[in-house]
Amino acid sequence: TTTTTTTTTTTSGKEDEREIEEAHIRYDLSGGRSIRARKVVDARYLQPDLPVRVPPKFRYNHDAINCVPVNSLASCRTKHYVIVGAGKTGMDAITHLLEHRGVDPDDILWVVPNEAWITARENIGSCMEFLHECTSALEKEEKCGEDNDIGATRGFFQRGFLEWEKQGKVYRFDKDILPTKFKDATLCKSELALIKSVKGVVRNGRLESIDDDGTLHFVDGTLMPLPWSSSVKDTTFVHCSAGAFNYSKQTKNPPPIFSRHRISIQDVYGTPGFCFVGSMIGKLESLGKRFTDEEKIAMCSAPSPDPTQAKLPLGPSGGDIGVISTDHGYVQRLRNLRRWLKVPEMRDWLVGHRLFNLRHCTAKEMDSLVEETWNALEKYDVVWTK
């Protein structure tokens, strides 16, 4: 329930309450409480999917199979473990078992539906520097006489990842497998080596079901019995497959980021995370009437949910590297940053911002990075200047 009121003072000194357009809103909460605010910040749109709240999509008999979300792992004391999920949550689960619990690597089976590039903790780069690397690699190939169709292949982004691998900015678990995903999972070299000590890695795609004896069934039709002779009761299956960035609470039609009485936090820049995104949206709001809500929205492009992912039987599988396009998340970030840098207050504020992944750059260096990348993409008709 909301009530719109404001208090003004008349010439006679009496207070007069009346409804006006810019009024504060009263929000009634649970427990008989209420608050008044000009705008409410709604961060639910970026609520991550966590195993503790999102049950596994694969089927199993709860009476026969001990399957737990990763946060329950600390209380489990079985001999064997099956880790389901290849994101950072799965990696952390393996690290915990090996480093803190002393579990033998041979007693761990890791279900890896898709291979992903890993961010190197020792040498973290930014999404803008990565996009610049991709365009630079493409232009170098063109100078060598190679003809490339920028929008028709995953090769545009893979060029950047392969170059960053040479520079020690990304890792992969298997040099013979080209990853198809990237979710910015971050590991140092010692963590990478520790996880690679687990040799029982199953790359049969997504897990569809588990039989009562522990046999794993995959969506590609293959099946695999557990590699241990002991009873399935000695095995814990660890659910790490919620897909934190699937955002299952997102609606098909995202609300506007800025509206009269609400700010809806959305992924307007992605990496380095929601703290920076929230700070950017807050900074824009703090500029007051300098910009209308429509103008602020134009400076904050955000990816829309992929309707094809929602139709998958086992739910979304995010993190696809994808092909370059004007709607790709990285291109949207570039477009947003380019617009922010053209606003003096935003530009000054971004330089040295401790949450910003280009905080090491001067304003001039940011301009150069952004414009060089933009001009390259404009040449290939990925973006255009109005």
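Please treat every number below as a calculation from the coordinates, not as lab data. All values reported here derive from a predicted model rather than from experimental measurement. We place every Cβ from the backbone using ideal geometry, glycine too, and count neighbours over all the protein chains shown.
Annotation: peptides 45-56, 234-245, 30-41, ranked by per-residue average of other Cβ atoms within 10 Å with the highest first, follow the order 234-245, 45-56, 30-41.
Of the beta bridges DSSP finds with both residues in the chain, what % are antiparallel, to the nearest 5? Counting only bridges with both partners in the chain, antiparallel ones make up about 50 percent. Please find the FRET efficiency linking THR362 to LEU192, where r is the Cβ-Cβ separation and R0 is fixed at 30 Å, and quote it to the nearest 0.05. It comes out at approximately 0.35. Packing around the peptides 281-287, 327-333, 91-97, taken as the average count of other Cβ atoms within 10 Å per residue, puts them in this order, highest first: 91-97, 327-333, 281-287.
Given R0 = 30 Å, the distance between the Cβ atoms of ARG260 and LEU29 translates into a calculated FRET efficiency of 0.90.
Dipole orientation for the chain: of the candidates LEU377, CYS144, TYR330, TYR330 has the Cα lying most toward the positive pole (charges on Cβ; Lys, Arg +1; Asp, Glu -1). Taking the alpha carbon gyration tensor of the chain, multiplying each eigenvalue by 5 and rooting it gives semi-axes of 42, 31, 18 Å, largest first. Shown for the chain are the DSSP H helices of 20 Å or more along their axis, judged by Cα atoms, with a mean Kyte-Doolittle hydropathy of at least -1.0: 127-143, 363-379.
When the C-alpha to C-alpha distance is required to be over 22 Å, the pairs from LYS57/LYS169; LYS140/LYS175; LYS88/LYS189 that qualify are LYS57/LYS169; LYS140/LYS175. Need the list of aspartates and glutamates near LYS342 for cross-linking: C-alpha distance under 12 angstrom, and skip anything on the same chain fewer than eight residues off. Here the aspartates and glutamates satisfying the reach criterion relative to LYS342 are ASP367, GLU371. The packing ranking of peptides 208-217, 363-372, highest mean first, is 208-217, 363-372, where packing means the average number of other beta carbon atoms within 10 angstrom of each residue.
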